[in-house]
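Visitor: Starting off with a structure, shown below.
Here, each number is a calculation from the coordinates, and none is a lab measurement. Quantities reported herein were computed from a predicted structural model and do not represent experimental measurements. Note that we place each Cβ from the backbone using ideal geometry, even for glycine, and neighbour counts take in every protein chain shown.
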Amino acid sequence: MNSRFLQWIGYAASLIIAGSMTLSSLMKFRWVNLVGALTFSMYGFLINALPVGFLNGFIVLVDVYYLIKFYSTQETFDTLEIRADNKYLLRFLEAHDKEIKKFFPDFTYQPEMNTISFFVLRDATVAGLFLAHREKDDILKVGLDYVIPEYRDFKNGKYIYLRLRNRFIKYGFKIIKVSGTNKSYITYLKKLGFHEDKNGMYTIELE
């Protein structure tokens, strides 16, 4: 095989693995690292560098093991309702302000507006924050649906908008409405069943 081509395979594998190290989400890290290690393993065997091939082959197996474990483990989800002046809530908003502004550039904490506010817990660990208020009689307008980087795998969203659906209906809501400008967040909403309306808002019907 052309040595120049082999070099590019090695460069590509190095870049993929380096890129995986910059990811804060453990799931994304495992997937990207898996691709990089697989490419590096192939590169090692092609150039007859068996230690490189076997070492990265082992890393592939480790990544596969943790991905299987991740997708097969049943996490316990729960909500922790919070008051508007909760000190941990205020500290959480302060600590994650930069990331929150990235996904919700227009967000400003207005405690008097909160109709529903809770932390999302995964195995008793805080994974995200949900703040929303009643708009009109039957519309729940989401002000913040923030998930910390380690847990950005759509499970929080599925828990809130699917498993808590009956709770929202019980409170009298028929529609959930969200404003989205960040591309990643819009993708998240669409995967959860939201649709863009004529006003550029993203909505999902509960009934």
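Visitor: For the stretch 71-114, give me the residue count where each residue is closer than 22 Å to LEU140 by Cα and touching a residue at least 40 places away in the same chain (Cβ under 8 Å).
Guide: Residues in the stretch 71-114 being closer than 22 Å to LEU140 by Cα and touching a residue at least 40 places away in the same chain (Cβ under 8 Å): 10 in total.
Visitor: Hey, PRO149 hits all of (1) of a type outside the set (A, V, I, L, M, F, W, C); (2) surrounded by 13 or more Cβ atoms within 10 Å (Cβ to Cβ); (3) within 13 Å of the chain's Cα centre (by Cα); (4) farther than 17 Å from THR79 by Cβ but one; which does it fall short on?
Guide: (2)
Visitor: For the stretch 180-204, what are the residues that are surrounded by fewer than 16 Cβ atoms within 10 Å (Cβ to Cβ), under 20 Å from the mean Cα position of the chain (by Cα) and of a type in the set (Gly, Ala, Ser)?
Guide: Across the stretch 180-204, the qualifying residues are SER184, GLY193.
Visitor: Could you please find all residues in the stretch 124-179 being assigned to a helix (DSSP H, G or I) and acidic (Asp, Glu)?
Guide: Selection gives GLU150 alone.
Visitor: So, in the stretch 33-58, how many residues would count as being under 18 Å from THR22 (Cα atoms) and loosely packed, with under 15 Cβ neighbours inside 10 Å?
Guide: Adding up the residues that qualify gives 0.
Visitor: If you scan the stretch 180-207, which residues turn out to be in contact (Cβ under 8 Å) with a residue 60 or more places away in the chain and either of a type in the set (Lys, Arg) or in a helix (DSSP H, G or I) (or both)?
Guide: If the condition is that a residue be in contact (Cβ under 8 Å) with a residue 60 or more places away in the chain and either of a type in the set (Lys, Arg) or in a helix (DSSP H, G or I) (or both), then SER184, TYR185 are the ones that fit.
Visitor: Can you find, within the stretch 68-116, the residue that is farthest from ASN156 (Cα to Cα) among those that are among the acidic types (Asp, Glu) and surrounded by 12 or more Cβ atoms within 10 Å (Cβ to Cβ)?
Guide: Per the stated criteria, the residue is ASP97.
Visitor: Still on this model: Any residue in the stretch 45-70 that's within 17 Å of ASN33 (Cβ to Cβ): show its pairings with residues that are of a type in the set (Ser, Thr, Tyr) at Cβ separation under 6 Å, as long as the two are six or more apart or on different chains.
Guide: From residues that are within 17 Å of ASN33 (Cβ to Cβ), the pairs are GLY53/SER41; ASN56/SER41; GLY57/SER41.
Visitor: Looking only at helices (runs of 4 or more DSSP H) that fall completely inside the stretch 1-103, which ones have 2 or more residues that are among the aliphatic types (A, V, I, L, M) and out of contact with any strand residue (DSSP E or B) (no Cβ under 8 Å at 6 or more places or on another chain)?
Guide: Of the helices (runs of 4 or more DSSP H) lying wholly inside the stretch 1-103, those with at least 2 residues that are among the aliphatic types (A, V, I, L, M) and out of contact with any strand residue (DSSP E or B) (no Cβ under 8 Å at 6 or more places or on another chain) span 3-20, 26-46, 50-72, 87-95.
Visitor: Report yes if some residue within the stretch 106-114 is more than 25 Å from PHE92 (Cβ to Cβ), outside any strand (DSSP E or B) and of a type outside the set (A, V, I, L, M); otherwise report no.
Guide: No: the stretch 106-114 contains no residue that is more than 25 Å from PHE92 (Cβ to Cβ), outside any strand (DSSP E or B) and of a type outside the set (A, V, I, L, M).
Visitor: Identify, by number, the condition in (1) under 19 Å from ILE169 (Cα atoms); (2) surrounded by 14 or more Cβ atoms within 10 Å (Cβ to Cβ); (3) more than 16 Å from the chain's Cα centre (by Cα) that PHE130 doesn't meet.
Guide: Status for PHE130: all satisfied but (3).
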